[in-house]
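The values are calculated or read from the model by the stated rules, or taken from the named source; none is laboratory data. Everything numeric here is computed off the predicted structure, so don't read it as measured data. Neighbour counts are summed over all protein chains in view; Cβ atoms, including those assigned to glycine, are modelled from backbone coordinates with ideal geometry. Note: areas computed on protein heavy atoms with side chains; ligands, DNA, RNA excluded. Shrake-Rupley method; radii C 1.70, N 1.55, O 1.52, S 1.80 Å.
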Amino acid sequence: QLQASGGGLVQPGGSLRLSCAASGLTFSRYSMAWFRQAPGKEREFVTAIRGSNGATRYADSVKGRFTISKDNTKNTVYLQMNSLKPEDTAIYYCAAAPSWNIYYYQHNSYTYWGQGTLVTVSS
């Protein structure tokens, strides 16, 4: 089970940190990801972190602004979001996969999903 939290309303240029707590998984072995879905749009890949070695991948739209991290002692993955833009407004979902594959950016590569947390970037 995955439980996402930390969403909210933030002004453009601001920051938020999302958390996703996992239970019932051998968390250290899992690769984790964040996806997002804006109103009227398809779910899109944001970032992923490989369970075996901590390697990360980012969508071009968030590279340099967002950072994913994984704390195996707390069974939690984080998404630090800086320099937020109105176009970052979406429901953010965390996801978990028992193994890494080259299609890490596709939602069907992940087995478990959190319930989503809403991020709104607006003045």
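In the chain, the sites counted are trypsin sites (Lys or Arg not before Pro) in DSSP loop states with at most 14 other Cβ atoms within 10 Å, and the longest stretch holding none of them, exclusive of the sites, is 75-123.
Taking only the Cα atoms of segment 22-68, the radius of gyration and Dmax are 12.3, 35 Å. Applying 1/(1 + (r/R0)^6) with r as the Cβ-Cβ distance of LYS41 and ASN72 and R0 = 35 angstrom yields a FRET efficiency of 0.60.
Summarising the label geometry, the points placed 7 Å from Cα in the beta-carbon direction at SER99 and THR120 lie 4.3 nm from one another.
Over the chain, accessible surface divided per residue gives 52 Å², non-protein components excluded, 1.4 Å probe. Can you figure out the FRET efficiency of LEU25 with ASP60, using R₀ = 25 Å and their beta-carbon distance, to the nearest 0.05? Step by step, r from the Cβ atoms, then E = 0.30.
Taking R0 as 41 Å, what FRET efficiency do you get between GLN11 and ASN108 from their Cβ-Cβ distance, rounded to the nearest 0.05?
0.75
Net charge of the neighbourhood of MET81, taken over other residues with C-beta under 13 Å away and scored Lys/Arg +1, Asp/Glu -1, is +3.
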